[in-house]
Amino acid sequence: MAPYPKLDERKKLTKTLKKESVVVEAKPLTEQELKKWVAYEVKILGVSIEEAALDLLLTLTGTNLQVVANEVNKLALYGGHQVSITTEMVDKLVARSIEQNIFILVDKVISRDIGGAVQIYYDLLKQNEEPIKILAILAGQFRLIYQVKQLTSKGYGQQSIGSTLKVHSYRVKLAAGQARAFTFEQLQKIMLLLAEGDYEMKTGKRDKKLIVEMFILKLA
């Protein structure tokens, strides 16, 4: 096993291996491959899954196959035999990572549901997530949105953007959807607000919890 992004084709060892052996590349599944895999798995488990529920499942879990598999098993067990997995079931049962909560928080901002965005933030605080970590993940999400918007404007496709930014193409697709809600100027201002918030946190100029809350309110 070679846990590297790729094999060095110039090396004699690589050339010998490729000549004498069967080389199998274990690449992360694409969005469509992941959807086919989930559909196959739920069928084996004796249930089905609605298309909207499948989209929500991948939005909440991301593309980690082990995480997806665990959640599919949980949903199938909850639904029982010959039951279709619905969006309501996914929303109720699937665990959200902090990254997925941040993604939903940004969606709330886009839809101008600032109350909903602030509530997600409060929920994260109740789960003992640190404000500085929340701010860092917010910065990462908006940085991705900006980069995706920039590369899309230059004619890059989803797969190309994913390769360039070294992120899964499904994350690129979601970020592209969010990017449509912002202009370049708005995203630049948001990045400045995040930089200011980071500086205030690290210099102790304001309460950490308040800094993130004020950032969310400024997005309105």
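The values are calculated or read from the model by the stated rules, or taken from the named source; none is laboratory data. Predicted model only: the values in this text are computed from it and were never measured. Methodologically, a virtual Cβ is constructed for each residue, glycine included, from the backbone with ideal geometry; neighbour enumeration extends over all protein chains shown. Just so you know, the surface numbers come from the protein's heavy atoms only, side chains and all, with ligands and any DNA or RNA stripped out. Shrake-Rupley method; radii C 1.70, N 1.55, O 1.52, S 1.80 Å.
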Can you give the angle from 0 to 90° between the axis of helix 208-219 and the longest principal axis of the chain, with both taken from C-alpha atoms, to the nearest 10? 90
Provide Rg over Rh for region 149-196; use the alpha carbon set for both Rg and the Kirkwood Rh (inverse mean inverse pair distance). 1.01
Subset of Lys149/Lys173; Lys133/Lys202; Lys15/Lys166; Lys108/Lys202; Lys154/Lys218 violating a 18 Å alpha-carbon distance limit: Lys15/Lys166; Lys108/Lys202; Lys154/Lys218
Using a Cα-Cα cut-off of under 16 Å, which aspartates and glutamates could be cross-linked to Lys19, ignoring same-chain neighbours fewer than 8 residues away? Asp8, Glu9
Between Lys15 and Asp207, what is the label-point separation in nm under the 7 Å Cα-to-beta-carbon projection? 6.8
Which of the lysines could be linked to Lys74 by a straight reach, that is with a Cα gap under 26 Å, when you skip same-chain ones fewer than 8 residues away? Lys27, Lys35, Lys36, Lys43, Lys92, Lys126
Report the far tail of the P(r) of region 1-103, meaning the percent of Cα-Cα pairs longer than 24 Å. 39
Quotient of C-alpha Rg and 2.2 N^0.38 Å, computed over region 14-57: 1.79
Please give the charge dipole size of the chain, origin at the Cα centre, charges +1 on K and R Cβ atoms and -1 on D and E Cβ atoms. Round to the nearest 20 debye. 920
Among 140-150, 70-80, 19-29, what's the highest-first ranking by average C-beta atoms within 10 angstrom per residue? 140-150, 70-80, 19-29
For region 78-180, diffusion coefficient by Stokes-Einstein and Kirkwood Rh (Cα), 25 °C, 0.890 mPa s, µm²/s: 160
What order do Met201, Met191 take when sorted by accessible area (1.4 Å probe), most exposed first? Met191, Met201
So what is the accessible area of region 1-151 per residue, in Å², with the probe set to 1.4 Å? 61
Computed on Cα atoms only, the convex hull of region 63-110 has an orientation-averaged projected area in nm² of 3.9
Label-to-label distance, nm, for residues given as Lys126 and Asn70 (7 Å Cα→Cβ offset): 2.2
Between Leu187, Gly162, Thr16, whose Cα lies farthest towards the positive end of the dipole of the chain when Lys and Arg beta carbons carry +1 and Asp and Glu beta carbons carry -1, centred on the Cα centre? Thr16
Among the aspartates and glutamates, which have Cα under 17 Å from the Cα of Lys208 when same-chain residues fewer than 8 positions away are ignored? Asp123, Glu129, Glu130, Glu196, Asp198, Glu200
Mind listing P(r) for region 108-163? All alpha-carbon pairs, 10 Å bins, whole percents. 21, 36, 27, 16, 0
Any chance you could get the radius of gyration and Dmax over the Cα atoms of the chain, in Å? 20.6, 63
Taking 0.36 nm per intervening residue step and subtracting the Cα-Cα distance, what contour gain separates Val167 from Glu33 on full extension? 46.6 nm
